[in-house]
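Novice: Starting off with a structure, shown below.
The values are calculated or read from the model by the stated rules, or taken from the named source; none is laboratory data. Keep in mind the model is a prediction, meaning the values are calculated, not measured. Using ideal geometry, Cβ is built from the backbone for each residue, glycine included, and neighbour counts are taken over all protein chains shown.
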């Protein structure tokens, strides 16, 4: 067997594995058990994921092809072969989404009195209203661009929605191509039409029409004296990856700002989406004008850019959505909420500051079930206002637009505390937001740093230093998710609040490493990438192998977003062959084959796709009856282990370790939102044979009983 053939039997291509993940997302939209508006949401997520995949992963492969790279991936595919495989896998999925929108979603919405109309479906009164709306609210901002010897083919920006029109001069019969960009950022994709104009009785709950339809069917107003012969819709996706290598910190912000300006314009076209009925003449013109090959063209019957279906979730129709989930305050933090003290809900003598709670015990937070606002945000808010707090240090990767965390850090600086924030400017697609926050923090007196040269800082850590009884005590938070108020309601993440001296001292030294003041190579408790995380994880796996070889039980349970790293995969294969039982919960990419005889028969892989995005990382090792559990920011990918700063912390308290073990087992017993991977790398959704077990719903129920 050749080396290439052997590796193909060991590793799944990461791009194809990602497509398989997005296929599971689309399946949620197609599942009859999913509430109607949640179906629209999952279809929107599928589209949004695909946009980013083309902008980054496909763009990277195309760049490799253009550069003449022939090096194969781990499983033996060249960049060109990967692009071919990607297209062949995506075409049926895009068609499936397209058909679902046209044949099911639109009709089912209509049956619930929600009408998404095409222009041709408007009645006379609706059409009159839409024409008037076009003239007063849309027409003034449109800029039709013709193509002729005096006007070259216009630049088409990334992810823009456009109308391609063929215009004819009635006097000369001469035809001309014109492009009209549809306004998206300043206007809603779906224009609401007054429901009382409808001829349906009772009146619909909601009536809307896509803005591109309004533009396309009123093109005659843009080209007076000309005839609009035909029109079609098209959408462009461009390379949006920022090439930033080892740039000095002083130059990083300006380099990023320049890079972002280029991204908004966009690089090479990596995908052209067009109306299914587009004429050959028009398609040729678009392809030639934007230098697009046929392999990058995707024909769409329905709407282009279905990510805008997110807007349907704004409709106040709870019966068509998941049952609302608000989250609760962690049971040990209920008496330390300053908001309750301020509004008189608890008496001053009953109030306990959050630091007194953390001193008594480590706290394991599980968002969104435990409210982020009453745990992590409360921790930082109290630190900002507590006169005994001397300093606050945090890493910030993705930050919400209106961030209470940022407000607290600014307030802390204004209160005279030493505040340091590491803002990761290279957080993909959040660069612009992070640049603005970094500037605002600096202006407020916060010491802002940008991390270690050559490494992206992905770790989620916070440290509060407090003066107590004439000495300094440190309080730490290590999490799996961002300090982001918005995503804390949508992603499942874990966090540890602790004052354990060894962990907190590790955090002190890790922050020194991040600010460039040390070259720390060893940590007491934390596993830190790129220094000790890889070797630490490998050592933990090897220990389970040794236990198994010595006739003891070797068990590994792990939950993460992606498993891609070849060395870790190879070690897991070795562990399986040694008899170690391995259970993996992988939401996204998994490049390992489970259940293969002689290779991985002791490995099981499941993926949970539910109403919340599974984002927590948990690593649990049986250790011959003395289990060890870890949580942190890192997946088992090369970038996390070798090219990013990551922190993974042990969870030492026995009751918290038990809590994590129960959580992992719950995910592994899910028979509604879980998918099982077979020995060929394919996933099938697990079907309940008795009682339905939905891990996320079960956790909600358990939280509510506390």
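Novice: Scan (1) closer than 23 Å to residue 610 by Cβ; (2) part of a helix (DSSP H, G or I) for the single condition residue 34 breaks and write down its number.
Specialist: Here residue 34 meets the rest and fails (2).
Novice: Taking the criterion of being over 30 Å from residue 56 (Cα atoms) and surrounded by fewer than 14 Cβ atoms within 10 Å (Cβ to Cβ), would at least one residue in segment 152-165 satisfy it?
Specialist: Within segment 152-165 (the criterion being over 30 Å from residue 56 (Cα atoms) and surrounded by fewer than 14 Cβ atoms within 10 Å (Cβ to Cβ)), the answer is no, since none of the residues qualifies.
Novice: Given the structure, is residue 575 in contact (Cβ under 8 Å) with a residue 24 or more places away in the chain and part of a helix (DSSP H, G or I)?
Specialist: In short, yes.
Novice: Within segment 404-434, can you find the residues that are over 22 Å from residue 372 (Cβ atoms) and at pLDDT below 75?
Specialist: Result: 425, 426, 428, 431, 432.
This table checks each residue for (1) closer than 26 Å to residue 269 by Cβ; (2) assigned to a loop (DSSP other than H, G, I, E, B); (3) not assigned by TED's automatic domain parsing to the domain that holds residue 308.
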site	(1), (2), (3)
156	yes, yes, no
159	yes, yes, no
166	yes, no, no
191	no, no, no
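Novice: While we're on this one: Taking segment 576-601, which residues are surrounded by fewer than 24 Cβ atoms within 10 Å (Cβ to Cβ) and farther than 25 Å from residue 18 by Cβ?
Specialist: 577, 578, 579, 581, 597, 598, 601
Novice: Every residue in segment 32-57 that is in contact with a strand residue (DSSP E or B) (Cβ under 8 Å, 6 or more places away or on another chain) and modelled with pLDDT of 95 or more, please.
Specialist: 51, 54
Novice: Can you name the residue in segment 196-216 that is assigned to a loop (DSSP other than H, G, I, E, B) and out of contact with any strand residue (DSSP E or B) (no Cβ under 8 Å at 6 or more places or on another chain) and is also modelled with the highest pLDDT among such residues?
Specialist: Restricting to residues being assigned to a loop (DSSP other than H, G, I, E, B) and out of contact with any strand residue (DSSP E or B) (no Cβ under 8 Å at 6 or more places or on another chain), the top hit is 199.
Novice: Here is a follow-up. Please identify the pairs in which a residue from segment 673-697 that is free of Cβ contacts under 8 Å to residues at least 40 places away in the same chain has its Cβ atom under 7 Å from the Cβ atom of a residue that is outside any loop (DSSP other than H, G, I, E, B), counting only partners at least 6 apart or on another chain.
Specialist: 684/675; 684/676; 693/669
Novice: Which is crowded, with 23+ Cβ neighbours inside 10 Å and farther than 14 Å from residue 487 by Cβ, of 419, 376?
Specialist: None of the other options fit; the residue is 419.
Novice: If a residue must be more than 27 Å from residue 467 (Cβ to Cβ) and touching a residue at least 60 places away in the same chain (Cβ under 8 Å), how many such residues does segment 404-427 contain?
Specialist: 2
Novice: Would you mind finding the one in 63, 73, 88 that is assigned by TED's automatic domain parsing to the domain that holds residue 303, modelled with pLDDT of 95 or more and out of contact with any strand residue (DSSP E or B) (no Cβ under 6 Å at 6 or more places or on another chain)?
Specialist: It is 88.
Novice: Please specify each residue of segment 345-373 satisfying the condition of being surrounded by 19 or more Cβ atoms within 10 Å (Cβ to Cβ) and within 22 Å of residue 491 (Cα to Cα).
Specialist: Answer for segment 345-373, where residues must be surrounded by 19 or more Cβ atoms within 10 Å (Cβ to Cβ) and within 22 Å of residue 491 (Cα to Cα): 363, 364, 365, 366, 367, 368, 369, 370, 371, 372.
Novice: Check segment 695-704 and report whether any residue there is in a strand (DSSP E or B) and in the same structural domain as residue 588 (by TED's automatic domain parsing).
Specialist: No: zero hits.
Residue-by-condition table, conditions (1) under 26 Å from residue 213 (Cα atoms); (2) assigned to a helix (DSSP H, G or I); (3) in contact (Cβ under 8 Å) with a residue 40 or more places away in the chain:
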position	(1), (2), (3)
310	yes, yes, yes
323	no, no, no
341	no, yes, no
345	no, no, no
352	no, no, no
364	no, no, yes
